[in-house]
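Below is one structure, written out as structure tokens, with a few remarks after it.
The values are calculated or read from the model by the stated rules, or taken from the named source; none is laboratory data. Computed from a prediction, not measured in an experiment: that's the story for all the values here. Cβ: placed from backbone, ideal geometry, glycine included. Neighbour counts: every protein chain shown. In case anyone asks, the SASA skips ligands and DNA or RNA and just uses the protein heavy atoms, side chains included. Shrake-Rupley method; radii C 1.70, N 1.55, O 1.52, S 1.80 Å.
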Amino acid sequence: MLAGSGHLLLDSAQIMNAPAVFQAPYEVAQSCLRGALDSVLKIAGEDFPGLRSATKAVTEAAGAVADAWRHRSGVEAGDLDVLVGAVDQLRAEQENRGGFRTRQIGHLVLEQTLQEMGLAETEAARSWSAFYSAASGVLHGSSSGASEARHQFYDVTAAMEHLFLGLPERADQLRELARLDAPVERDADEVARMTDPRAGVYFFQAAVSGRWLDLLPLSRLLPEERRWPAGQYLRRLLADEPVRVCAWVEENLDAICARGPGRCCRRSGWSVRRVWRCVPCWPGWCGHSRNGLS
């Protein structure tokens, strides 16, 4: 299936390089991209929760309630509980648009790395749903221009590289990014795309610029229940730019406390100092200095 995906990516590139040969070159290129995405996602399979399965569960539960009312003129509490649970799950899936595709990518990441995606990787994986929806729209009749098709091609190929290239193959690029003194938005986009949990850890082991605090999405910097990949980076940065780090912590205090173990929060009177006292208990941060924090 991967070979088929690669061939379709090549077809898409060749079409965009010779658009005059085709009546609708960029629509055809997008159709090839949709086929490439299908080839990858089929590896994961379809056995994941999502909007379709949640809708089916509501339909079945509602049908059971309707049949019970029709045949027994009454509905048992158990049937109503099932329906309520199904409706709650459907609402959750409606709020979590793209959850099905994200879970497919999560499965592939687990198979590739033997690690589950964290918060940042999950956010990065959501892009696959956007890619699929955009390519599907073109496949089913929407038009596509050159810029749109080329941008989609770049994003899809970059996402596939992040998914299937191992850490050894990406190590040089990650080190190059991490050692940038003045990263820009394009560099941050590359870090934000990472779906391999190991890549984030590797990057933060070497990251040096304080500008990453302003450029990276918050999901890439926050702690998680069992790990804090960015913790070691923040610890080093604290020694060089304490004011910047403390300002970032104070600005994102609620999000930090919500993600960290113990679910500490500002409502309990947690100041920046008290959060920092909590931080050494979190993975990736043990033993740092808390001098200068108020």
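Please report, as a whole percent, how much of the solvent-accessible surface of region 15-145 comes from carbon and sulfur atoms (probe radius 1.4 Å).
Working: 3840 of 7140 Å².
Carbon-and-sulfur percentage of accessible area, whole number: 54.
Compute the accessible area per residue over the chain, keeping the other protein chains in place, probe 1.4 Å, unit Å².
Working: 15370 Å² over 294 residues.
It amounts to 52 Å² per residue over the chain.
Go through LEU165, LEU222 and list them by solvent-accessible area, largest first, probe radius 1.4 Å.
Values: LEU165 70, LEU222 15 Å².
Sorted descending by solvent-accessible area, the residues read LEU165, LEU222.
For the chain, what is the mean residue ellipticity at 222 nm derived from helices alone (per DSSP H run of n ≥ 4: -39500 (n - 2.57); sum divided by total residues; nearest 500 deg cm²/dmol)? Please list the in-between numbers first.
Working: 17 runs with 203 residues, N = 294.
Roughly -21500 deg cm²/dmol at 222 nm, from the helical runs in the chain.
Computed from these coordinates, which is Rg and Dmax of the Cα atoms in Å: (i) 21.5, 72; (ii) 19.3, 61; (iii) 23.4, 74?
For Rg and Dmax of the Cα atoms in Å, the calculated option is (iii).
What is the magnitude of the charge dipole of region 12-57 about its Cα centre, with +1 placed on the Cβ of each Lys and Arg, -1 on the Cβ of each Asp and Glu, and no other charges, expressed in debye to the nearest 20? Let's see the in-between values first.
Working: 4 positive and 4 negative charges, 21 e Å.
Charge dipole, region 12-57, about its Cα centre: 100 debye, nearest 20.
Report the local net charge at GLN173: Lys and Arg +1, Asp and Glu -1, summed over other residues whose C-beta lies under 10 Å from its C-beta. Walk me through the numbers on the way to the answer.
Values: positive: ARG170, ARG175; negative: GLU161, GLU169, ASP172, GLU176, GLU190.
Surrounding charge for GLN173 is -3.
Net charge near HIS162, counting Lys/Arg +1 and Asp/Glu -1 over other residues with Cβ under 12 Å of its Cβ? Provide the component values of the computation, followed by the final result.
Working: positive: ARG170, ARG193, ARG198; negative: GLU121, ASP155, GLU161, GLU169, ASP189, GLU190, ASP196.
Here the charged neighbours net out to -4.
Show me the helices of the chain, taken as full DSSP H stretches, that run 24 Å or more along their long axis by Cα and average -0.5 or above in Kyte-Doolittle hydropathy.
On the way: long enough: 25-44 (30 Å, 0.42); 51-72 (31 Å, -0.29); 77-95 (27 Å, -0.02); 146-164 (27 Å, -0.26).
In the chain, the long hydrophobic H runs are 25-44, 51-72, 77-95, 146-164.
Counting only protein heavy atoms and using a 1.4 Å probe, what share of the accessible area of region 148-245 belongs to carbon plus sulfur, as a whole percent?
Values: 2300 of 4490 Å².
About 51 percent, which is the carbon plus sulfur part of the accessible surface.
Can you give the net charge of the other residues whose Cβ lies under 14 Å from the Cβ of PRO197, counting K and R as +1 and D and E as -1?
On the way: positive: ARG170, ARG193, ARG198, ARG220, ARG226, ARG227; negative: GLU111, GLU116, GLU121, GLU123, ASP196, GLU224, GLU225.
Local net charge: -1.
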